[in-house]
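The structure under discussion appears below in the form of structure tokens.
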Amino acid sequence: MKIIKHSFDGVIVGAGGAGLRAAIEAAPHMKLAVITKLYPTRSHTGAAQGGMSAALANVEEDNWNWHAFDTVKGSDYLADQPAVDILCKEAIDAVIELEHWGLPFSRLENGKIAQRRFGGHTVKEGESPAFRACYAADRTGHMILQTLYQKCVSMGVEFFDEFQVLDIKIEDGVCKGVVAFELSTGDIHIFESRAVTFATGGFGRIFKVSSNAHSLTGDGPGILYQKGIPLEDMEFYQFHPTGIYRLGILLSEAARGEGGILRNKDGERFMERYAPSIKDLAPRDMVSRAIATEISQGNGAGPDSDYVYLDLTHLGAETIKKKLPDITDFVRTYVKIEPINEPIPVQPTAHYAMGGIPTDVNGRVLSDEKNTVLPGVYAAGEAACVSVHGANRLGTNSLLDIVVFGKRAGESMLEYVSKTKSTSISDSAADDLVNKINNLIEKDHTDEFSVGRIRNDLQESMEENAKIFRSEETLSKQTEILENLRERYENVTIFDKGKVFNTELMEAIELDYLLDMSESTVASALARKESRGAHSRQDFPDRDDGNFMKHSFAFKNGNSANLRYKDVELGKYEPMERKY
Amino acid sequence: MDIELKILRYDPENDRKGHWEFYKVEADPDERILDLLHKVKWFEDGTLSFRRSCAHGVCGSDAMVINGENMLACQVLVKEVSNPIKIEPVRGLPVVKDLIVDMEPFMDSYKKVMPYLINDKDPGDRERLQSQEDVEKFEDTTKCILCAACTTSCPVFWTADSYIGPAAIVNAHRFVFDSRDEGSKQRLEILKDVNGAFRCRTAFNCTSACPKGIQVTKAIEDVKRETLLNN
Ligand SMILES: Cc1cc2nc3c(=O)[nH]c(=O)nc-3n(C[C@H](O)[C@H](O)[C@H](O)COP(=O)(O)OP(=O)(O)OC[C@H]3O[C@@H](n4cnc5c(N)ncnc54)[C@H](O)[C@@H]3O)c2cc1C
Ligand code: SF4
Ligand code: FES
């Protein structure tokens, strides 16, 4: 294994929407590297379907303050309101900028960017559903990712494709650079760099049924967590109501935005009972709970009564073809039914991490609950927690988050790089990683301690005990299971001892991060004795603003986490009961 | 049901050339071929290497030859192919290990066509207007996920890897027919080259191979026509 050293001013880890947007900001003014374990266009931003919200008011009167109101209410009042204001205000320019860079948005009759309805977005603070989501058919994320990558190609941004970052070097509290594994050779690369942004995306693969890519394993948050950086609000994980039954492949909320309806086994539109005013377009946490409740009350369809239907049959072939072509193709491909004529079996699917690496509104990573900034380290996108999504993210707000805060992280890197002198990283920077790899290569393979088996048990148990409804009992049980899995992981073995594309080796290291993500999630969930947004405790069914209007900060402590808390930054919206 | 997989394996550190390996797996008819590859990798033979990420046909990582045809392993179900299932890396790009090929030549061709919007005019502070009809003129080719299934199914590309290939032309098409773009002159000049669009002999393999259903051959024909008009 060769060790190769590079020197940059700044490094961005991850080339999804957040990483690319940061790169566009930073690249013209510094020596920048973008390191990504996947080719950039394969990042999971490309899977996003429905849209990206901004109060453009192209269809009807709209205003970014209403967008902010909806985001705060949707977050169950856990979002930091000043950050939400930034998100919603800067949304407008962010969408326009993407159009200027060539994004092929769907258009209205008058040639302006088309906008559609989405869950939890309303006009006039709850009056009626708002047409706010800008979209490109149902492949909005694909077009955002393509457009940002195209922009980077035109600018000559330097990429290290299929390089996986596995370590960061922080000395005396200051960032020195990162260490990466080159997939095609097995060589180790040291990137000396005084500014590093993590934009590694989510970690839905801690659960069994997920809309997330196999590659979403929480590498960025894991790398920092292992260095003592806390993770914020990990108990808030979003389950999207409409994943294809068993597969978890997402069917965008745009389907309901265009008029799709959820029905139980009797054909009843059950959302009328749970959210009388906006029904099927209630926020995701509520709809997922409603589905789980229907199923537990015996109203689920199918032989195991474990799914409900998403009914698009009344929308007509034309709307489906023009506005929802991709998701209906997924149904044809994977379920072999024709959504124009038949309702689709769906169940909630693990979808989005509201929690992650704590940052301020400028993408600067915080090393504790007192807002202490970690110099030179930044985070953006789903890997980060600003927090604009609080306890529950509204649909379309993540594509927004990645461009708004991706840009801000890029600006912060620039500012830092222009104020500081180049750094030097020691030649021994690769030692920890080299040892970790050698250790895995040298151990003989045993079936019992294979990556596949341990990960399988992890995903199944998280699915069982830490999904939509949780309680002291299920979470304590999961804590024990995780302890056992961690012990097994200490002995993990791999079969592949080669250098070239040793993807099994990478999966073994990713499993460490998956365990970290699970441990911090379960510990944070156990400590939050209330129900808020996506976190529902059956033993504490109400929101408890007195004790828990707070962000949690989980610090790694062996196999578990120590928790500390930070007050939510409130603003003009007073917390009230969330009804729709 | 029992499925037999016959996979063309190559380990650059130990093999001089590729060889077939056989695996038996238990599978459900509704499972994806990718799920079967995972079963082998996770529970039987961790050395089997392939790329994958999204698992539902949107990232373009897992194009491979399945029973003789280019497909995404995550987009084909067990019940859609005959058993035993024969799996090989795509053709025309150098094999690095097992089902993984070197994507760099493919990405280089893509970058040659200037795959980005070119327009120096100040667009102002609102969106440019564009009619939905104008969007539809190039919408088909915006769907490309750069999986290389088309290019690696092309007989011209197999014999002359200097040919820029269908995927690059598809990505040129996406801009050439965008009413907002003004870079077509330069782009079409590049495509006029000996290794450009006119090497295409309309074999249609690319169109059948495209997992996104893009009318690849039609896009190439459109670009050829535009190139002639541009002369
Ligand atoms: C199916 C689906 C549909 C969605 N639809 C919508 C929608 O309509 N609207 C909306 O707002 N949001 C939507 N979302 C959410 C949104 O798409 C994501 O939250 C967002 O795209 C995440 O972007 P990102 O840049 O943070 O991460 P990603 O796009 O996931 O990118 C992560 C990047 O990090 C790299 N990486 C990871 N680990 C490493 C490492 N160790 N070393 C180097 N590189 C690494 C990867 O290669 C990749 O480039 C959807 C999500 C899914 C799953
Ligand atoms: S045109 Fe189709 S087959 Fe070719 S690279 Fe694009 S998506 Fe793949
Ligand atoms: S794994 Fe993404 S296209 Fe198949």
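The values are calculated or read from the model by the stated rules, or taken from the named source; none is laboratory data. Computed from a prediction, not measured in an experiment: that's the story for all the values here. We place every Cβ from the backbone using ideal geometry, glycine too, and count neighbours over all the protein chains shown. Only protein heavy atoms, including side chains, enter the accessible area calculation; ligands, DNA and RNA are left aside. Shrake-Rupley method; radii C 1.70, N 1.55, O 1.52, S 1.80 Å.
Kindly provide the set of residues from the stretch A:528-548 that are free of Cβ contacts under 8 Å to residues at least 60 places away in the same chain and assigned to a helix (DSSP H, G or I), ordered by number.
Of the residues in the stretch A:528-548, the ones free of Cβ contacts under 8 Å to residues at least 60 places away in the same chain are A:529-531, A:540-542, A:544, A:546-548.
Within the stretch A:528-548, A:Gly546, A:Asn547, A:Phe548 qualify.
The residue pairs whose first member lies in the stretch A:195-213 and is modelled with pLDDT of 95 or more, whose second member is of a type in the set (Phe, Trp, Tyr), and whose beta carbons are closer than 6 Å, counting only pairs six or more residues apart or on different chains, are A:Ala195/A:Tyr416; A:Thr197/A:Tyr378. Here A:Ala26 meets the list (1) buried (at least 24 other Cβ atoms within 10 Å of the Cβ); (2) assigned to a loop (DSSP other than H, G, I, E, B) almost entirely, failing just condition (2).
Hey, any hits in the stretch B:40-59 for a residue that's assigned to a loop (DSSP other than H, G, I, E, B), facing another protein chain (nearest Cβ under 7 Å), within 15 Å of ligand 3 (Cβ to nearest atom) and farther than 23 Å from A:Arg332 by Cα? Yes, the stretch B:40-59 contains at least one residue that is assigned to a loop (DSSP other than H, G, I, E, B), facing another protein chain (nearest Cβ under 7 Å), within 15 Å of ligand 3 (Cβ to nearest atom) and farther than 23 Å from A:Arg332 by Cα. Among the residues making up the stretch A:375-395, a single one is under 20 Å from A:Met143 (Cβ atoms) and open to solvent by 10 Å² or more (accessible area, probe 1.4 Å): A:Glu382. Assessment of the stretch A:168-184 against the conditions (at the interface with another protein chain (Cβ under 10 Å from one of its Cβ atoms), hydrophobic (A, V, I, L, M, F, W, C) and without any contact (Cβ under 8 Å) to a residue 60 or more places away in the chain) yields no matching residue.
When the residues of the stretch A:201-228 are filtered to those that are open to solvent by 10 Å² or more (accessible area, probe 1.4 Å) and closer than 13 Å to A:Lys556 by Cβ, the one that is nearest to ligand 2 (Cβ to nearest atom) is A:Gln226.
Scan the stretch A:94-118 for residues that are of a type in the set (Phe, Trp, Tyr) and touching a Cys at 6+ places or on another chain (Cβ under 9 Å) and report the count.
Filtering the stretch A:94-118 down to residues of a type in the set (Phe, Trp, Tyr) leaves A:101, A:105, A:118.
Now drop any that are not touching a Cys at 6+ places or on another chain (Cβ under 9 Å), which leaves A:105.
Adding up the residues that qualify gives 1.
Test of understanding: among A:Lys370, A:Lys467, A:Lys421, A:Lys436, which residue is of a type in the set (Lys, Arg), open to solvent by less than 60 Å² (accessible area, probe 1.4 Å) and not assigned by TED's automatic domain parsing to the domain that holds A:Arg284? It would help to see each step written out before you state the result.
Details: A:Lys370 fails: open to solvent by less than 60 Å² (accessible area, probe 1.4 Å); A:Lys421 fails: open to solvent by less than 60 Å² (accessible area, probe 1.4 Å); A:Lys436 fails: open to solvent by less than 60 Å² (accessible area, probe 1.4 Å).
Exactly one residue qualifies, and that residue is A:Lys467.
Per the listing B:Lys137, B:Lys192, the residue uniquely open to solvent by 40 Å² or more (accessible area, probe 1.4 Å), away from ligand 2 (no atom under 16 Å from the Cβ) and more than 12 Å from chain A (Cβ to nearest Cβ) is B:Lys192.
Of the residues A:Leu247, A:Leu216, A:Leu231, A:Leu251, the single one that is within 14 Å of another protein chain (Cβ to nearest Cβ) and touching a strand residue (DSSP E or B) at 6+ places or on another chain (Cβ under 6 Å) is A:Leu251.
Can you say whether B:Ala160 is more than 7 Å from chain A (Cβ to nearest Cβ) and either away from ligand 3 (no atom under 16 Å from the Cβ) or surrounded by fewer than 19 Cβ atoms within 10 Å (Cβ to Cβ) (or both), as far as the supplied structure shows? Lay out the reasoning, then the answer.
Numbers: more than 7 Å from chain A (Cβ to nearest Cβ): yes; either away from ligand 3 (no atom under 16 Å from the Cβ) or surrounded by fewer than 19 Cβ atoms within 10 Å (Cβ to Cβ) (or both): yes.
Here the answer is yes, as B:Ala160 does meet what is asked.
Note on the stretch B:75-97: residues that are away from ligand 3 (no atom under 16 Å from the Cβ), within 12 Å of another protein chain (Cβ to nearest Cβ) and in a loop (DSSP other than H, G, I, E, B) total 1.
So how many residues does the stretch B:54-71 have that are out of contact with any Leu (no Cβ under 8 Å at 6 or more places or on another chain) and within 16 Å of ligand 1 (Cβ to nearest atom)? Quick ask: steps written out before the conclusion?
Going through the stretch B:54-71, the residues out of contact with any Leu (no Cβ under 8 Å at 6 or more places or on another chain) turn out to be B:54, B:58, B:65-71.
Subset that is within 16 Å of ligand 1 (Cβ to nearest atom): B:54, B:58.
Looking only at that region, the number is 2.
If we keep just the residues of the stretch B:140-150 that are surrounded by 24 or more Cβ atoms within 10 Å (Cβ to Cβ) and more than 6 Å from ligand 2 (Cβ to nearest atom), which is nearest to B:Leu117 (Cα to Cα)? That would be B:Thr142.
Within the bounds of the stretch B:27-38, is there any residue that is part of a loop (DSSP other than H, G, I, E, B), at pLDDT 95 or above, facing chain A (nearest Cβ under 10 Å) and more than 16 Å from B:Val81 (Cβ to Cβ)? No, every residue in the stretch B:27-38 fails to be part of a loop (DSSP other than H, G, I, E, B), at pLDDT 95 or above, facing chain A (nearest Cβ under 10 Å) and more than 16 Å from B:Val81 (Cβ to Cβ). For the stretch A:482-497, which positions are within 11 Å of chain B (Cβ to nearest Cβ) and open to solvent by 20 Å² or more (accessible area, probe 1.4 Å)? Residues satisfying the conditions are A:Phe495, A:Lys497.
From the list B:Ser179, B:Ser208, B:Ser153, the one residue that fits, being more than 20 Å from B:Lys111 (Cβ to Cβ) and buried (at least 24 other Cβ atoms within 10 Å of the Cβ), is B:Ser153.
In the stretch A:97-137, which residue that is of a type in the set (Lys, Arg) and within 15 Å of B:Arg126 (Cα to Cα) is nearest to the other protein chains (Cβ to nearest Cβ)?
The first filter runs over the stretch A:97-137 and keeps only residues of a type in the set (Lys, Arg), leaving A:107, A:112, A:116-117, A:124, A:132.
Pick out the ones that are also within 15 Å of B:Arg126 (Cα to Cα) and you get A:107, A:112.
Values: A:Arg107: 5, A:Lys112: 6 Å.
Filtering first and then ranking leaves A:Arg107.
Total residues in the stretch A:38-72 satisfying the condition of being within 14 Å of chain B (Cβ to nearest Cβ), part of a helix (DSSP H, G or I) and open to solvent by 20 Å² or more (accessible area, probe 1.4 Å): the figure is 2.
Scanning the stretch B:35-64 for residues being open to solvent by less than 10 Å² (accessible area, probe 1.4 Å), in contact with a strand residue (DSSP E or B) (Cβ under 8 Å, 6 or more places away or on another chain) and within 16 Å of ligand 2 (Cβ to nearest atom) gives a total of 4. Considering (1) in a helix (DSSP H, G or I); (2) among the hydrophobic types (A, V, I, L, M, F, W, C); (3) within 23 Å of A:Phe207 (Cα to Cα), the lone condition that A:Val346 does not fulfil carries the number (1).
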